[in-house]
Every structure is written in C-alpha cells, then in structure tokens.
Amino acid sequence: MATGDTALWLHNKLGSTDDLWSGATICSQLTKSRLVNIQACYHALQPHVKVKLMLSFLHIPRRNVEQWKLELEDILLTAAHDSDQWVSMVADILRPFPATGTLNLGLDESNGVFAEVNADLNKVVKRSSNVRMLPLECQFLNKTALVAATGVHPQPVKHFALKRKPKSAILRAELLQKSSEVANNKKNN
Amino acid sequence: VKIEVFSRVLRTSITSLLEGGEDAVEKNLPEFTKMVCHGEHTYLYSQVLMHILAQETKGGSNIRRLCQELQKSANEKGLDLFKMYSEMNPPPVDLIRVPAFLDLLIEALFKPTSRVNPEHKQKYVYVLAYAASVTETYKKGQRKNINRDELKPTTQALEKVQGICAENKSSSDLIADIATLFMNIKFPVIAFGILKWVDYTVSDASYFKLNTDHTPLHLVLIDEIVTNHVLLHQKALDLLVRIFESSFEELDVLVQLELKKTVLDRIVHLFSRGFVIPVVTYIRKCLDKQDTDISLIRHFVTEVLDVIAPPYTPEFMQLFLPLLENKAITGSIILEDGKDPVSEFISFYEITNIINQQQHTQVRVEE
C-alpha cells in the first residue's frame, strides 16, 4: 500500500470525532510494514487520528509489540514533537510502552500545563488526608496491613450513648450455647 | 477540547471530589466518569495524572480510591483500557491488591455453586491470604523488608472456613460450626467471603421457605461481621436492604412481616454498631416512598429507642425526629403523661434547642 493510501485508510478507520474510543478497532490490521508506511505519512494525519492510532498500541498483543518495537518507537518519537498538545502528551505517556509495557509517570518536567495542574492537585491531595476515602481493597486487609497501607483510622462519630445491647446480643449468646451443645453431642455419639 | 481546558476542568473536579469525600464521590461520580471517559486519550491522561498523585504518602490513598471508582465505571460502560494498569510496574503486594481480582478469588472460593479444582483452590487461598496479610517497608522506592508474620494464620483460617462453607450443610448441621466461624470472622478477608456466601445462600428462592428458625443462622453471621468490621458496614447494609425489600410472595403475609422484622433487627444491630446516618437515612426513605408497612417502621423506631440514650448529635436528632413526629408511626406508643421513650426523645430535642439558642444570644450580648 502506498503512503497516500495508508493515510486514507487511517482516516476512514479513525477519522470519526464521534467515537473517541476506537483505538482497539484497528490493531488487528496493523503489520510491521504498515507501521513503516504510517510513519512515512504521519505528518499528513489529523491530530485526533494521530492520537487514536497511538492509543491502539495499547491493545496490540504483547508479542507483536515486542516484534514491532522499533517501528512503534519511531512513531512515538515523531509524535512527541507534534505541535498539537494532545498528540505530544499521549506520545510522551506511551514512550516506554513498546520496550517495557509500562507508562511514563515522569511527565512533570516536560509539560507546562501538566506540571501546573499536578502541583496544584498535589497540595489538595495532601490536605485531603483526613477525608479517608479508602481504596476498595482495604476491605480485605488485616489490621496490621491496613494500618501500614493507609495509617491509623480515626474513631467514628458517636451519635448517641448505648444504654443496652440490642436484641442481637441475646440471639448471639443463645446460638453459641446451642452450638456448643450440638458439638458436644456429636463428640459423645 | 484543548488539553489546557481539559486539565483545568479535571483539576476542579478532582478538587471538589477530594474536598467532599465519600458523599461527593457517590453524587458526582457519574458526571466525573463521563467527562474523563469522553475519549480514550482523556481517560489515559487522567489516569496517569491520578497515578502520579496517588504516590503521595499523605492523602494519596484517596486518589487511589478515585482511580478505582473511575476504572470500575469505565469498565461497566464496556470501555476497556485497563490491562496495562495492572502491569504498571507496581510493587509486588500492590500488584495483587486489586479489588476486582480479589473479588474474583473470593467468588471462586465462596460461591456455593462454584467448583474449583482442589489444586487451584489452595493457590487461591494462598494469594488471598498473602494480599490480606503481608506488609512491606520501602525506603526511597527500594523494598527493605517483607513481613509475613500473619500469612500462616490467615491462610489456615481461610482454608478452614472455606471448607465449612463449601460443604453446603443445612442450618441444623451448620450450627456446630458456629463457634469456629465466629472465631475466624475476625479476619476481614474471611468476613468478606462469608458475607458473599451468605448473600448467595439467602438469595436462593427456597431459603426462607425452608428455614423455620426464628432467626436464620446466616443472618446472625451478618451481625458478627458487622460487629467486627466497620469497613464492611456498607456492604452489609446493601445486602440487608435487598433482603428486606424482597417480596417473599410464597410466604404467608404474617410470616412475611415477622421475617422483615427479623431483618430490621439486623439493621438495628448495624445501627447500634455505629452505622447510624446511612441506616436512618434508609428508613426515612422507606417512609417517604410509602411502600413499607408502617408497623415495620414502628418496629425499627421502638427497637432503636430501646437501646439509645443521650447525648445525641444534632445530625442524628434532625434525621430521626421526623420518624417520631409521624402520628401513623408513633401515635399508638405515645403515652399521655409523656413518660414514654418517644416523648422523652422529643423533649430532649426541644430542650437542646432552647439551650443552644440561649447560648447563642448570650454570645451575641457579650459581643
């Protein structure tokens, strides 16, 4: 396929601005040679097509990513210098992906807006330590592990005094009593 | 949308979610998810930003929770960009502390119809126990120490309880194991598993038809979980509400009411253990929707008044008072001499109000 055809094909596949979650749709049709063609016509693509193309990399089977590592890295390298900020940002995030399967979390220095928002939110996050919106896995953790993960928990608000235990307490005692009787009977028989 | 505009909107949203806490998340999550999931690129960008923020030791766990909620809702929408987050080079224990993954293991071990290969079962138990009990210390990103002290007891307890649950015994046979279950329910991961098992067991259409005990044993297990684990209160309430709202059409009307009172007693237990505002809010909702037999709401009010004593917080009084002032609910339990718990609560509320007003005036006079 000539480079002009490749550009046309990409725009047909990814040109829609209504569906911005279409990254996965083209990855089954990517090949090594097609990636080389894409690299050649990359400058001619529209910004949102560039972004979607890069996001499709995340859906490529790991084995193929390893085989096409150099081609993928070439595209990301070109994209990193793009004048469109979404394009350069996504390229920056995906930079280590072909080689390691991980994302770049060291974006701070390279991007002004990102650095600014990150710094602002970091202050908010620090202030929020008393909010105690616990990560969902905390429900599973033993006490020691919980304290190690999220610190000591404040006592909950006491809305009233308890003058006696609810009915459930009697029920619990009865059940334990019955349980030990049954267990003893089983032992004796 | 320009990246600058998106970044600023994202900053405002995250700020208000963090400042509002759990309530704000519940209320604003759909809108937040919609914004972040606008496109695959906005989702990726937001998740990366939040992952960086989550590394902050102070308050970072709040952000981690936001990431998870976001991932969950995106997943429910059928959007899929998550595989790599589990590969994002995290430290070992965090790698398996992924709620969706732990949930899957619990499901395999505690769902009554689940048939797991015994060899796999042992591994599932080990991984779960490992995630629940191991702690690591890091210094400058380097792991310095792994503490496995609780791994063995957690594994053994999990094995034992899973064995009991998997036998599918009838309640009368199960009763001999109650002491063992109570003892091991102290492990959160086991309590979580038992709660799931109870959920499946009582959701079986024939469960309440066949169970003639006044309080089915499985419901008492919920009490024990509630007593031991504050973090499972919401899950327990969700389950109890679901049972409470079931129609039980096959049962006689009077038996239905008795059963619902029994479920309400569990909800009162949850209330007595500190899950106050969510419980009373739910009962208020029942009253507002007018779809609950008034005798049931009266039962709740009576049981609550039976166990509580002042001092009360203003927040609780405000929420509880409309239930007491409703004649249909309390008309039959109020005595003329005012020496009944309903009247006593109302007068306590009024006196507190007068004192507050006086203090307020005093302060203003002094000014």
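Overview of values
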| quantity | calculated |
| --- | --- |
| Summed side-chain charge close to residue A:10 - residues other than residue A:10 whose Cβ falls under 14 Å, Lys, Arg +1, Asp, Glu -1 | +3 |
| Segment B:216-229 - phi-based ³J(HN,Hα) in whole Hz, Karplus 6.51/-1.76/1.60, Gly and Pro as x | x, 3, 5, 6, 5, 4, 4, 3, 5, 5, 4, 4, 8, 9 |
| Table column - 3J(HN,Hα) (Hz), segment B:231-248, Karplus curve with 6.51, -1.76, 1.60, x for Gly and Pro | 6, 9, 4, 4, 4, 5, 5, 4, 5, 4, 4, 4, 5, 4, 8, 5, 8, 6 |
| Size of charge dipole - chain B - debye, nearest 20, with Cβ of Lys, Arg +1 and Asp, Glu -1, no other charges | 1760 debye |
| Spatially proximal lysines relative to residue B:152 (Cα-Cα < 20 Å; intrachain offsets below 8 disregarded) | A:143, B:121, B:123, B:160, B:186 |
| Stokes-Einstein D in µm²/s, Kirkwood radius over Cα pairs - chain A at 10 °C with 1.306 mPa s viscosity | 72 µm²/s |
| Cross-link reach list, lysines versus residue B:327, counting only Cα pairs under 16 Å and skipping chain neighbours closer than eight places | none |
| Per residue, the convex hull volume that the Cα atoms of the protein assembly as shown enclose (Å³) | 214 Å³ |
| Cα-Cα P(r), segment A:1-106, percent of pairs per 5 Å interval | 2, 14, 26, 28, 21, 8, 1, 0 |
| Over segment A:38-77 - Rg/Rh using Cα atoms and the Kirkwood inverse-distance radius | 0.97 |
| Cβ charges +1 (Lys, Arg) and -1 (Asp, Glu), total dipole of segment B:192-297, debye | 420 debye |
| Dimensionless Rg/Rh of segment B:154-284 - Kirkwood Rh, Rg from C-alpha atoms | 0.96 |
| For chain B: Kirkwood Rh in Å [reciprocal of mean 1/r, alpha carbons] | 24.2 Å |
| Under 27 Å from residue A:69, Cα to Cα: lysines that are on another chain or at least 8 residues apart | A:13, A:32, A:50, A:52, B:83 |
| Built amide H within the under 5 Å cut-off of residue B:135, gap 5+ | B:147 |
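Throughout, read-outs are computed from the coordinates displayed, never taken from laboratory work. These numbers come from a predicted model, not from an experiment. No Cβ is skipped: glycine too gets one built from the backbone with ideal geometry, and neighbour counts run over all protein chains shown.
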